[in-house]
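**Student:** Below you'll find the structure I mean.
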Amino acid sequence: VCIMEKQVLESSEERTFQYQDSLPSLPVPPLNESLSKYLDAVKPFLNQEEYQRTENIVKNFENGIGKELHQKLLERAKTRRNWLEDWWLNVAYLDLRISTQIHCNMAGPGPYIEHYWPPKEGTQIERASVNIWHTLKYWDLLRTEKVAIERSGNAVLDMNQFRMLFCTCKIPGVTRDSIGSYFKTETEGECPSHLIVLCRGRVFAFDAIHEGGMVTPPEIFRQLTYIQKRCHSEPDGPGLAALTSNERTKWAELREYLIDLDPKNLTLLEKIQRSLFVVCLDDSSPHATPEDYSEITRLGITGDPTVRWGDKSYNSIFFSNGTCSAFCDHSPFDAMALITMLSYAEKKVIENEGRWKGSDKVRDIPWPEELVFTVDQKIINEIGRTKQLYYEKVSDLQLVNYAFTFFGKALIKKKKLHPDTFVQLALQLAYYKCHRRPGCCYETAMTRRFYHGRTETIRPCTMEAVEWCKSMLDPSDSTSRRLQLMHQAFAKHNKMRKECENGKGFDRHLLGLLLIAQEQGLPVPELYTDNAFTVSGGGGNFILSTSLTGYTRFNGSVLPMVHHGYGFFYAIRDDRIVTTCSSWKSCPETDAEMLCRAVFQCFQDMLQLTVAAQL
């Protein structure tokens, strides 16, 4: 009976990927609805005359070419469960020719300094071993499909992105990159099980499975210590990893050159591509406190390029003072999948008080092997040139990662306000105060309730938000008027978020129509060449590039989308709001520190407004 009961229990447990085939297809919204939402979104940036002109362009589009393109898009959607998926991957990521490591990768600091792992020299390898082990356990849970399925309310969310956390790497191409993903569940078959370690310009590999069992923290410690001792007592390696930070076509050509130089180089590159993830042993010791993560975050996203493999879906960086950071290629997944995994590891670290409590026995496992690439003078020169360009570019970055500690989610919810909307409206107000004009803004919404769904754009700079900002800056306006306008702005934002999550946004739809036109060799419709399209953020021109990284201790960052813009990312916790703000120093009008301070002031102002209303 026990055995039978056990089987029934096991079979009734959900498997991570079991609902993938029953998720709804990504819908195509009605054309008239998308166009009317678009008109609504461009309004804050146009005067009456410009708006009239844009309105005519939109009407012509709706009754003319737009109608045809929409029909063709509906046709495409009939034969695909997600009409956007391959287009989005190409347009948003794989077709880009700039340095994606600098401009698109995402990074975030480990929050361990807030509990068991304060910065402390001499702890790097020990902590790395524990952290890597918990990450390997998560890989094992994914392989056996025991990772809990995520839901939004009752709706099951797509879990496909979780497959990309391990054994996944972007491969540069001359005109378009590709993604190699080698992860397999146990039912699907064999999955690569080795780790790559980067240290002082050298590359090592070792297997995470020995004689059918996972390596333990003491065993990982032995492997990492071996690598570190060798690297610290021998000359630095060539730092080949730096090449991943090049512009994509350049890196693709250099990669081809490397392979032509020696076919063994291809085997080594493939070994890196197929690896579980990359462990980076970084010699920096970033200063960090729970209120100020700026230096860890800055080094996580723009640190030493010879100890990051920019194309790998997950680089786990350990600094010499025992602090750590994640660094990821953005193309295969969005931040939430990563944060789910990182939160699992953090929970386990806390449960075990930051230590390994198991056996100290170390089996006789093979030492790590060094991956020694055949390089010539040309490659060595190129690595030098690449590093120089990289450091020139990243030295222009201004990035702050501060915690606002006066209040957080608990108090905001007590005031019956949505925490995410609270932060977005504070940002709108802060930008308006600092720059005296509305700031077109991109906020990520998750469309994972659809098959292979990823994101849709919420545009937080609404007419309602702008009216409220003006009222806040008008000394003659009453508190009750400001409050009324604030509630209208909240309601509008909450409505947009819901629509976007339900596949009723308009940005991806408009992109789809443009791509149909391009595929058919048709001229670009006037809607997309109209100034209103660009000034409102279309075509990747958003001044504020923003995202909520959730309600955990993890926060992260991506760099600004445009030169005169900001990256603004935030995690909302019960008692605090942790924000990361970035800008380019070479742009005279932007200042990340100033905007971040202004946002914190706006948090206080908004709370004051709700308090004053109750008096």
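**Student:** Among the residues of the stretch 383-397, write down those that are within 21 Å of Val562 (Cβ to Cβ) and surrounded by 21 or more Cβ atoms within 10 Å (Cβ to Cβ).
**Tutor:** Within the stretch 383-397, Tyr390 is the sole residue that qualifies.
**Student:** Looking at Leu46, is it touching a residue at least 24 places away in the same chain (Cβ under 8 Å) and out of contact with any Leu (no Cβ under 7 Å at 6 or more places or on another chain)?
**Tutor:** Numbers: touching a residue at least 24 places away in the same chain (Cβ under 8 Å): yes; out of contact with any Leu (no Cβ under 7 Å at 6 or more places or on another chain): yes.
Answer is yes for this residue.
**Student:** Exactly one of (1) without any contact (Cβ under 8 Å) to a residue 12 or more places away in the chain; (2) over 30 Å from Leu89 (Cβ atoms) is unmet by Leu485. Its number?
**Tutor:** The failed condition is (1).
**Student:** While we're here: Of the residues Arg230, Arg274, which single one is open to solvent by 60 Å² or more (accessible area, probe 1.4 Å) and either modelled with pLDDT under 95 or closer than 19 Å to Ala128 by Cα (or both)?
**Tutor:** After ruling out the rest, the residue left standing is Arg230.
**Student:** Here are some conditions: (1) open to solvent by 60 Å² or more (accessible area, probe 1.4 Å); (2) within 21 Å of the chain's Cα centre (by Cα). Gln484 meets all but one. Which one does it not meet?
**Tutor:** (2)
**Student:** While we're looking at this one, here's another question. Might you check whether a residue that is β-branched (Val, Ile, Thr), farther than 27 Å from Met446 by Cβ and open to solvent by 30 Å² or more (accessible area, probe 1.4 Å) occurs anywhere in the stretch 588-600?
**Tutor:** Looking for residues that are β-branched (Val, Ile, Thr), farther than 27 Å from Met446 by Cβ and open to solvent by 30 Å² or more (accessible area, probe 1.4 Å), one finds none in the stretch 588-600, hence no.
**Student:** Can you tell me how many residues in the stretch 246-258 are open to solvent by less than 30 Å² (accessible area, probe 1.4 Å) and either in a helix (DSSP H, G or I) or of a type in the set (Lys, Arg) (or both)?
**Tutor:** 6
**Student:** Can you confirm whether the stretch 364-375 contains a residue that is within 30 Å of Ile113 (Cα to Cα), surrounded by 13 or more Cβ atoms within 10 Å (Cβ to Cβ) and not hydrophobic (A, V, I, L, M, F, W, C)? Spell out how you get there, then give the answer.
**Tutor:** So in the stretch 364-375, the residues within 30 Å of Ile113 (Cα to Cα) come out as 368.
From what is left, the residues that are surrounded by 13 or more Cβ atoms within 10 Å (Cβ to Cβ) are 368.
Cutting the leftovers down to not hydrophobic (A, V, I, L, M, F, W, C) gives us 368.
Yes, the stretch 364-375 contains at least one residue that is within 30 Å of Ile113 (Cα to Cα), surrounded by 13 or more Cβ atoms within 10 Å (Cβ to Cβ) and not hydrophobic (A, V, I, L, M, F, W, C).
**Student:** Same structure, new question: Collect the residues in the stretch 209-227 that are open to solvent by 20 Å² or more (accessible area, probe 1.4 Å), out of contact with any Ser or Thr (no Cβ under 8 Å at 6 or more places or on another chain), part of a helix (DSSP H, G or I) and of a type outside the set (Phe, Trp, Tyr), keeping them in residue-number order.
**Tutor:** Of everything in the stretch 209-227, those that are open to solvent by 20 Å² or more (accessible area, probe 1.4 Å), out of contact with any Ser or Thr (no Cβ under 8 Å at 6 or more places or on another chain), part of a helix (DSSP H, G or I) and of a type outside the set (Phe, Trp, Tyr) turn out to be Arg222, Thr225.
**Student:** Go through Cys602, Cys581, Cys596 for me and flag whichever is in a helix (DSSP H, G or I) and within 21 Å of the chain's Cα centre (by Cα).
**Tutor:** Cys596
**Student:** Also, I was wondering about something else. Inside the stretch 256-313, can you point out the residues that are aliphatic (A, V, I, L, M), in contact with a Phe, Trp or Tyr (Cβ under 8 Å, 6 or more places away or on another chain) and without any contact (Cβ under 8 Å) to a residue 60 or more places away in the chain?
**Tutor:** Leu299, the sole residue that qualifies.
**Student:** So which helices (runs of 4 or more DSSP H) stay within the stretch 503-549 end to end and still have 2 or more residues that are under 23 Å from Cys104 (Cβ atoms), open to solvent by 10 Å² or more (accessible area, probe 1.4 Å) and modelled with pLDDT of 95 or more?
**Tutor:** 507-519, 531-535
**Student:** Any chance you could count how many residues in the stretch 145-173 are under 17 Å from Asn502 (Cβ atoms) and not hydroxyl-bearing (Ser, Thr, Tyr)?
**Tutor:** Final tally of qualifying residues: 8.
The values are calculated or read from the model by the stated rules, or taken from the named source; none is laboratory data. Quantities reported herein were computed from a predicted structural model and do not represent experimental measurements. Note: ideal-geometry Cβ built from the backbone for every residue, glycine included; neighbour counts use all protein chains shown. The area values use the complete protein model at the heavy-atom level, side chains included, leaving out ligands, DNA and RNA. Shrake-Rupley method; radii C 1.70, N 1.55, O 1.52, S 1.80 Å.
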